[in-house]
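Trainee: After the structure tokens below, expect a handful of questions from me.
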Amino acid sequence: MIPHTPSESPPSNLAALAEDHYFSANPPPKDLQKHMKLAKDFIEFHSKAGRRLVLVTSGGTTVPLEKQTVRFIDNFSAGTRGATSAEYFLEAGYAVLFLHRQFSLLPYSRHYSHATDCFLDFLREGPNGSVVARDEDAGKMLNVLRKYREARDKNMLLVLPFVSISDYLHELRGIAQLMKPLGPKGLLYLAAAVSDFFVPPERMSEHKIQSTDAVEAFSKKPSKPSASEEEETFDNFDSSPSVPRSKRLVVDLDPVPKFLKNLVEGWSPEGMIVSFKLETDPKILVHKAKYSLDRYQHHLVIGNLLSTRKWEVVFVSPGNPDKWIRIPQGGKLDDAKEAEKDEPLDPKSLPEQEPEAEIESLIIPAVAELHTKYIKTMEGKKLEA
Ligand code: 9Z3
């Protein structure tokens, strides 16, 4: 990998303007200062120890439709990739700052928090009214519990939540800036499924969007319907399936500014930055991953498809050939050939059940190896300077 050389200059004017505008128009989450204090202490502790630290972002972001939010747009992400990756990073010796969507999966507890893996199913009543793990589950549970306790007791894991897209961006900016003292030992692993669109505050309703005109009727005198309202009423009675415009909720979204450039150039100029690219169309995945790398000049894009994301990912990094990482589909004669294939798998060829191994067990060592090279190159450059 040829690491992107950090520039000392601030992000381009346009990116800086977009940043100022976005962060002054969209209010920070109420716990931002508290989170920044926790993050600062955590980062300082590990920076002093000369340890590598990774910021793992995880889960989806909400797009509120109202300031006093009742309704929001969301996405599918459960936080499996982020929570699982965090465990393998801890295993590889990294301190982990886990920035996750509130109530999405968490490292270690994820094994017992699915609807299908409800923690109560793993417990039974023991002697004298005690609660114990079921015999068949106790071994695994003890193993998970020990790892969790060790991470907590050694202060290796800090967990911070966010909810909305703007909460996420405020937190990401603050933490990335705090990571500067780590230099190249800081790693940003951006697995959260971040919304591309949002409702800007100037177009956001303060209160719950109404679905009837009951409120208007209560505040105004009924007036003669306008020509367009009459037309809409007519449409509505025309036994046509279309609904009049006044009854529809038309959501008008702006694109979320792309802050990866600000992250690379300003917020975290020395850290290694890994982003994920999610697509559903296999034909465009690698192209989109390369486009992102080219545009933002960071260090690694991990491409994945919604349908096969637990089976394979592709690493796209500067100066390296694209590298597919796959879980072998056990028992197949053409396994070795399949594992080497240079293009996406056909989702129809995959078994229905989830893979037995976790693909993050292959992703994280590969990322850590690239990170080692990155640190060496950056330290070499510092010595030269
Ligand atoms: C990913 O691609 C993650 O791997 C998934 C994980 C969200 C697919 P789950 O939480 O899913 O395990 O269920 N994350 C990044 C998606 C994303 O928003 N990327 C942006 C983009 O594609 C760029 S940062 O434009």
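The values are calculated or read from the model by the stated rules, or taken from the named source; none is laboratory data. These figures come from a predicted structure and were not determined experimentally. Cβ sites come from the backbone with ideal geometry, for glycine too, and all protein chains shown count toward neighbours. Protein only, heavy atoms only, side chains kept; ligands, DNA and RNA dropped before computing areas. Shrake-Rupley method; radii C 1.70, N 1.55, O 1.52, S 1.80 Å.
Trainee: So G60 clears everything in (1) open to solvent by 10 Å² or more (accessible area, probe 1.4 Å); (2) over 23 Å from L362 (Cβ atoms); (3) within 16 Å of the ligand (Cβ to nearest atom) except one condition, right? Which one?
Mentor: So the condition that G60 fails would be (1).
Trainee: For S164, which of the numbered conditions (1) buried (at least 22 other Cβ atoms within 10 Å of the Cβ); (2) within 15 Å of the ligand (Cβ to nearest atom); (3) over 18 Å from I43 (Cβ atoms) fails to hold?
Mentor: All conditions pass for S164, except number (1).
Trainee: Additional query: Taking the condition open to solvent by 20 Å² or more (accessible area, probe 1.4 Å), hydrophobic (A, V, I, L, M, F, W, C), under 30 Å from A49 (Cα atoms) and not in a loop (DSSP other than H, G, I, E, B), does L142 pass?
Mentor: The answer is yes for L142.
Trainee: Among the numbered criteria (1) within 14 Å of the ligand (Cβ to nearest atom); (2) more than 19 Å from E354 (Cβ to Cβ); (3) open to solvent by 20 Å² or more (accessible area, probe 1.4 Å), which single criterion is violated by F72?
Mentor: Of everything listed in (1) within 14 Å of the ligand (Cβ to nearest atom); (2) more than 19 Å from E354 (Cβ to Cβ); (3) open to solvent by 20 Å² or more (accessible area, probe 1.4 Å), F72 misses just condition (1).
Trainee: What single numbered condition from (1) open to solvent by 20 Å² or more (accessible area, probe 1.4 Å); (2) more than 29 Å from D252 (Cα to Cα); (3) within 14 Å of the ligand (Cβ to nearest atom) fails to hold for T84?
Mentor: T84 satisfies all of (1) open to solvent by 20 Å² or more (accessible area, probe 1.4 Å); (2) more than 29 Å from D252 (Cα to Cα); (3) within 14 Å of the ligand (Cβ to nearest atom) except (1).
Trainee: Looking at the range 33-57, which of its residues are closer than 14 Å to L187 by Cα, open to solvent by 10 Å² or more (accessible area, probe 1.4 Å) and in a helix (DSSP H, G or I)?
Mentor: S47, the sole residue that qualifies.
Trainee: In the range 283-307, how many are surrounded by fewer than 16 Cβ atoms within 10 Å (Cβ to Cβ) and either in a loop (DSSP other than H, G, I, E, B) or touching a residue at least 60 places away in the same chain (Cβ under 8 Å) (or both)?
Mentor: Count: 3.
Trainee: Got a sec? Which of K185, K147, K180 is under 30 Å from G271 (Cα atoms), of a type in the set (K, R) and crowded, with 18+ Cβ neighbours inside 10 Å?
Mentor: Of K185, K147, K180, the one residue that is under 30 Å from G271 (Cα atoms), of a type in the set (K, R) and crowded, with 18+ Cβ neighbours inside 10 Å is K185.
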